[in-house]
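The structure under discussion appears below in the form of structure tokens.
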Amino acid sequence: MFGFIKRRLGYKIMVAMLGIILLVLITEIYMRIYFGTKDRLEIASTISRELADSVYAGIKYPMELGDSEAIKIELTDIRKNAKDVEVFICNFDQEITYSTHEEKVKTKLAYSIQNKAALRTITETLKTGEVPEFDPRKPLEDIVSGRRYLIVIKPILNQKDCYHCHGSFRKVLGGLVVRYDAERTYAQVIAQRNRTFIIAVSLLPIAIALIYLMATRLVRRPVESLAEKAKKFAEGDMTVSVDIKTEDEIGILGNTFNYMVERVSSASKRLEEEIERKTALLNERTRLLGLLERANRDLRELDKLKSTFLANMSHELRTPMNAIIGYTELLLDGVDGPINDEQGKSLRRVVTNARHLLQLINDVLDISKIEAGKVELEIKEIDLKWLIDSITPTFEPLIKQRGLTLTATIDEGVPLVYGDEDRLKQVFINLISNAIKFTHQGGITISAKLSDRGIKAGETPIFAEICVEDTGIGIKEGDIERIFDKFVQVDLTTIRQYEGTGLGLSIVRGLISLHKGMIWVTSTYGKGSKFCFTLPLKKELLEKLAKPIVEPKMAEALAEYFGMPTETFLKSPELGGKPIRCWESVRCGQPSCPAYGTDESRCWLVLGTHCTGMKIAAYPEKVDFCKGCEVIKNIMLESERGDKLIKDESGTSAKKTILAIDDNPEAIDIMKKYLGDDYEVIGLLSSEKALEKAKEIKPLAITLDILMPKKDGWQVLKELKSAPETQDIPVIILSIVEEKKLGFSLGATEYVLKPVEKDVLLRKLRNLEKTTKVRRILIVDNDPDTVRLIGNVMKETGYEVTTAYNGKDAVKSIQDFRPDLIVLNLTMPEMGGSDVIEYLKTADGVRNIPLILLTQKDLSEKEIDDLNGMIQGILNKSVLAKEDLLKEIKETISKVSTG
Ligand code: ADP
């Protein structure tokens, strides 16, 4: 309600002043009434007392004489002259004997005086003869009919002159009471109060107006002006200033404000200048950044060009080199007729030199890949002893030839290390070759022990330290620093003598650092050198990715598939008390392999046994390592059996077709020579026609080069995997480019780096053949539950499934879908299973599709004879429980696949 007051300073001042005036006024009125009444009452009391004294003096003599007439005259005079005064003279019994008012004579004093306190005081005075003390704050008052009277008492004492009448017996003979009418005194006080009030009220508006005017002029206006200027200043006007008219606080405030404006405006000016300068700098920086960005882009472009150039160059060099090696080895094998010893020697020199050249190219490519951060490590646990043992035999002839020794001592406590097996082999080969190359007598010692790198005393080691020591020529102290640099061969005089590229140690250092390791050398010139490096003992050091895990769901699927307890697939297999993590070494990579989760690492070998173990053979060098694995052992046995059967059959059955796509005719020629005995190889030089050709010939598999003009291998792979007619044909990439991840993600089944070895390729193709025997399954049954159950399990296992609920649909599916195997309910009503069999017997190209029959009854001998040759299994639905039925179907399919 009074909120408006808060908004204006003038109102506030006014309200404050008003409050003060009212306070003063109220105080004044109160004081006036209080002290006025007090003062007047005191005056009235004094008059009354003086009156009582003069009355007493006037009546004293007549009373001594007993002249009552003279007393009465005296009292009548008083009544005439002092209207407001009543005088009572009473005896000691308080009976009025004389009075200004005669009618009250002979009445009791109590009859005329109402106030009890006054009466008590009179009684006391008559008893003691003492004059009562007058208290101005509490005068003796009597109120009669609303009028206030002041009472004064004076005792009439018994003196000598009175003894003749009254004797000396009494001290007090009576009393003189004067009653004074105080009403007029009170009325005067009230009138004075009213006057004060009226004066104050009539002066108040004038006072308010005056205060308002003064507050406005002296305070409000200057403050408002200051506020207005401050607002403008806050809005950014730096030119404002306040007019100073006074020297009071407002004046000081104004002065301070002006000073502040001046300071801020000069600071702001400086700030603006600074901002301008900074903006200019920023613009310059942005310009420079732009330049830098462009330079970076150019550098990246250059780097890309360099990599492409290197890849192309090495492709261009490696392709003919591979051809040279391939053809020479074929000549050495006597494929094109016998050769004599001299020719043999020459050809072997050709192979040696070509391999050396190839090594140089590989080295250049390797170092550029390491530098570009493009080397992918396939990390697994490696037994150092096993690794060294697998390398040293290669050096045996050379060691023997040079009369040296090669020994390896691995400390007992060194556990398995983590790393990429192939890359670590490369490291060892490089170091051992150098040691042999630069040693003329004595020998080479390889040793391994636990390293104290990265740990405090007493902690478990996290690195192993491996050293290759020789008793060779040694390295000069000044050269030690440089030998790991690219193309560095320290002693130029020895280059011719020892050959080499100067790249080996750079590659080794790059590979070791990829393994989070360190490499260093100690050497005494003329006495020998010792190259040492570290390798991690913990996998976490190498990868941030989560470890591959065997999911319970996957283990269950595997258990069901192999008819083994789930635990078999959940527990980590062990060899010599140490875990074998085969799945860390080998990828599945099969398109039909179900992907569980997104983590690629889940598709490693053990998890990938869905793919019927085909991948085990893909890495023959890893088979040994995996032998301790119970699961693998079983799969291996199956795999080997399958191999044998295929080989046995290959003599009689028609050759399978392989489509080899490569822009280099020699590569195709070599493929033909490698695979010609077992497969019909159709070569295709132009990658643009790949899809068309694949659709036409429907090969067992396609081998695909990557670096091809016009359309590269990646494009071809994408096309093959997107066309329904070709997407199931397995593609083996044969390339010098190491882009396995990309290859597998685009759907390649295998990835083999060139130069390709004949055995490796043959083995891969055989494995492919096995698993591709049954890929599509048709399930025919009128019972939807059975169809769904079998269908789901087969799909989960990785097969392509189509279903039909009657014979008619089944025939249509056989024509469109071309299944590799049919699960058929023989006892369906209407157009039933027997019609489907009839169709299979008579139609073209479908007679050989294997059948698994589901029946409600046992078939007679004759019925079975009739179906001769087509049936792989007969399962009685009414006898078998669902789980058994599924198990039987799986086993039968597995038999068909591997048979
Ligand atoms: P290269 O192919 O020339 O051997 P490396 O990078 O492997 O290239 O080695 C670089 C140089 O380091 C060699 O040329 C040689 O001078 C020196 N070097 C390497 N290993 C040894 C060793 N075991 N003893 C003496 N010198 C060595």
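The values are calculated or read from the model by the stated rules, or taken from the named source; none is laboratory data. Predicted model only: the values in this text are computed from it and were never measured. We place every Cβ from the backbone using ideal geometry, glycine too, and count neighbours over all the protein chains shown. Heavy atoms of the whole protein, side chains included, go into the accessibility calculation; ligands, DNA and RNA do not. Shrake-Rupley method; radii C 1.70, N 1.55, O 1.52, S 1.80 Å.
Farther than 16 Å from Ile151 by Cα, modelled with pLDDT under 85 and open to solvent by 30 Å² or more (accessible area, probe 1.4 Å): does that describe Leu65? Write out each step before concluding.
Values: farther than 16 Å from Ile151 by Cα: yes; modelled with pLDDT under 85: yes; open to solvent by 30 Å² or more (accessible area, probe 1.4 Å): yes.
Judged against the criteria, Leu65 is a match.
What about Val201, is it in contact (Cβ under 8 Å) with a residue 24 or more places away in the chain and of a type outside the set (Ser, Thr, Tyr)?
Values: in contact (Cβ under 8 Å) with a residue 24 or more places away in the chain: no; of a type outside the set (Ser, Thr, Tyr): yes.
So Val201 fails the test.
Do any helices (runs of 4 or more DSSP H) entirely within the stretch 1-106 hold 3 or more residues that are closer than 28 Å to Arg184 by Cα, and if so, which?
Values: elements: 3-7, 9-65, 68-81.
Ranges flagged: 9-65, 68-81.
So, in the stretch 464-481, of the ones that are in a helix (DSSP H, G or I) and within 12 Å of the ligand (Cβ to nearest atom), which residue ends up surrounded by the most Cβ atoms within 10 Å (Cβ to Cβ)? Don't jump to the end; show me each part of the working.
Residues of the stretch 464-481 in a helix (DSSP H, G or I): 477-480.
Within this subset, residues satisfying the condition of being within 12 Å of the ligand (Cβ to nearest atom) are 479-480.
On the way: Asp479: 15, Ile480: 17.
Only one residue tops the list, namely Ile480.
In the stretch 826-846, which residues are open to solvent by 10 Å² or more (accessible area, probe 1.4 Å) and either out of contact with any Lys or Arg (no Cβ under 9 Å at 6 or more places or on another chain) or closer than 16 Å to Gly873 by Cα (or both)?
Leu826, Thr827, Met828, Pro829, Ser834, Glu838, Tyr839, Thr842, Ala843, Asp844
Look at the stretch 373-387 and say how many of its residues are more than 15 Å from Lys538 (Cα to Cα) and either among the β-branched types (Val, Ile, Thr) or modelled with pLDDT of 90 or more (or both).
4
Quick one: is Asp243 touching a helix residue (DSSP H, G or I) at 6+ places or on another chain (Cβ under 8 Å), not hydroxyl-bearing (Ser, Thr, Tyr) and not in a helix (DSSP H, G or I)? So that I can check it myself, show each step before the final result.
Values: touching a helix residue (DSSP H, G or I) at 6+ places or on another chain (Cβ under 8 Å): yes; not hydroxyl-bearing (Ser, Thr, Tyr): yes; not in a helix (DSSP H, G or I): yes.
Answer is yes for this residue.
Let me spell it out: the conditions are (1) touching a strand residue (DSSP E or B) at 6+ places or on another chain (Cβ under 7 Å); (2) within 17 Å of Ala118 (Cα to Cα), and Cys162 meets all of them except one. Which number is the exception?
(2)
So for the stretch 219-228 (the condition being without any contact (Cβ under 8 Å) to a residue 24 or more places away in the chain, acidic (Asp, Glu) and either in a helix (DSSP H, G or I) or more than 30 Å from Val144 (Cα to Cα) (or both)), does at least one residue qualify?
Pass one, the stretch 219-228, residues without any contact (Cβ under 8 Å) to a residue 24 or more places away in the chain: 221, 225, 227-228.
Cutting the leftovers down to acidic (Asp, Glu) gives us 228.
If we keep only those that are either in a helix (DSSP H, G or I) or more than 30 Å from Val144 (Cα to Cα) (or both) as well, we get 228.
Yes: one or more hits.
Select from the stretch 498-527 the residues that are part of a loop (DSSP other than H, G, I, E, B) and modelled with pLDDT of 80 or more and write down the one among them that is farthest from the ligand (Cβ to nearest atom). Quick ask: steps written out before the conclusion?
Filtering the stretch 498-527 for residues part of a loop (DSSP other than H, G, I, E, B) gives 499-503, 515-518, 525-527.
Retained after the next criterion (residues that are modelled with pLDDT of 80 or more): 503, 515, 525-527.
On the way: Leu503: 6, His515: 18, Tyr525: 9, Gly526: 10, Lys527: 10 Å.
That would be His515.
For Val823, all conditions in the list (1) touching an Asp or Glu at 6+ places or on another chain (Cβ under 6 Å); (2) under 15 Å from Lys877 (Cβ atoms); (3) in contact (Cβ under 8 Å) with a residue 24 or more places away in the chain hold save one; what is the number of the exception?
Only one criterion is unmet by Val823, namely (1).
May I ask you to list the residues in the stretch 485-497 that are more than 7 Å from the ligand (Cβ to nearest atom) and either at pLDDT 75 or above or acidic (Asp, Glu) (or both)?
The one that is more than 7 Å from the ligand (Cβ to nearest atom) and either at pLDDT 75 or above or acidic (Asp, Glu) (or both): Asp485.
Give me a count of the residues in the stretch 115-156 that are surrounded by 14 or more Cβ atoms within 10 Å (Cβ to Cβ) and not in a helix (DSSP H, G or I).
17
Which one is nearest to the ligand (Cβ to nearest atom) among residues in the stretch 438-463 that are without any contact (Cβ under 8 Å) to a residue 60 or more places away in the chain and buried (at least 20 other Cβ atoms within 10 Å of the Cβ)?
The extreme case among them is Ile444.
Would you check if Arg766 is at pLDDT below 85, open to solvent by 10 Å² or more (accessible area, probe 1.4 Å) and touching a strand residue (DSSP E or B) at 6+ places or on another chain (Cβ under 6 Å)?
no
Please name all residue pairs, on different chains or six or more residues apart, with Cβ atoms under 8 Å, provided the first residue is in the stretch 512-539 and is more than 22 Å from Ile382 (Cα to Cα) and of a type in the set (A, V, I, L, M) and the second residue is within 15 Å of the ligand (Cβ to nearest atom) and modelled with pLDDT under 90.
The qualifying pairs are Val521/Ile480; Val521/Ile483.
Just need a number here: residues in the stretch 422-437 that are crowded, with 22+ Cβ neighbours inside 10 Å and within 12 Å of the ligand (Cβ to nearest atom).
Residues meeting the conditions: 5.
Given the options Val240, Val201, name the one that is farther than 26 Å from Leu18 by Cβ and open to solvent by less than 90 Å² (accessible area, probe 1.4 Å).
Numbers: Val201 fails: farther than 26 Å from Leu18 by Cβ.
Result: Val240 is the single residue among Val240, Val201 that is farther than 26 Å from Leu18 by Cβ and open to solvent by less than 90 Å² (accessible area, probe 1.4 Å).
Whether any residue in the stretch 296-308 is part of a helix (DSSP H, G or I), acidic (Asp, Glu) and free of Cβ contacts under 8 Å to residues at least 60 places away in the same chain is what I want to check.
Restricting attention to the stretch 296-308, the residues satisfying the condition of being part of a helix (DSSP H, G or I) are 296-308.
Still in the running and acidic (Asp, Glu): 298, 301, 303.
Cutting the leftovers down to free of Cβ contacts under 8 Å to residues at least 60 places away in the same chain gives us 298, 301.
Yes.
State whether one or more residues within the stretch 360-378 are within 16 Å of the ligand (Cβ to nearest atom) and farther than 22 Å from Leu505 by Cα. Walk me through it before giving the result.
Taking the stretch 360-378 as the starting set, the residues that turn out to be within 16 Å of the ligand (Cβ to nearest atom) are 360-368, 370-371.
This time we only want the ones that are farther than 22 Å from Leu505 by Cα, so: none.
Among the residues of the stretch 360-378, not one is within 16 Å of the ligand (Cβ to nearest atom) and farther than 22 Å from Leu505 by Cα, which makes the answer no.
Would you pick out the residues in the stretch 672-692 that are within 51 Å of the chain's Cα centre (by Cα) and modelled with pLDDT of 85 or more? Write out each step before concluding.
Within the stretch 672-692, the first condition is being within 51 Å of the chain's Cα centre (by Cα), and the residues that meet it are 686-692.
Selection gives Ser687, Glu688, Lys689, Ala690, Leu691, Glu692.
Determine which single condition Leu226 fails, assuming it passes every other condition in (1) open to solvent by 40 Å² or more (accessible area, probe 1.4 Å); (2) at pLDDT 80 or above.
For Leu226, the failing item is (1).
Given Glu329, Glu272, which one is more than 23 Å from Met708 (Cβ to Cβ) and either open to solvent by 80 Å² or more (accessible area, probe 1.4 Å) or in contact with a Gly (Cβ under 9 Å, 6 or more places away or on another chain) (or both)?
Values: Glu329 fails: either open to solvent by 80 Å² or more (accessible area, probe 1.4 Å) or in contact with a Gly (Cβ under 9 Å, 6 or more places away or on another chain) (or both).
Testing whether each residue is more than 23 Å from Met708 (Cβ to Cβ) and either open to solvent by 80 Å² or more (accessible area, probe 1.4 Å) or in contact with a Gly (Cβ under 9 Å, 6 or more places away or on another chain) (or both) leaves just Glu272.
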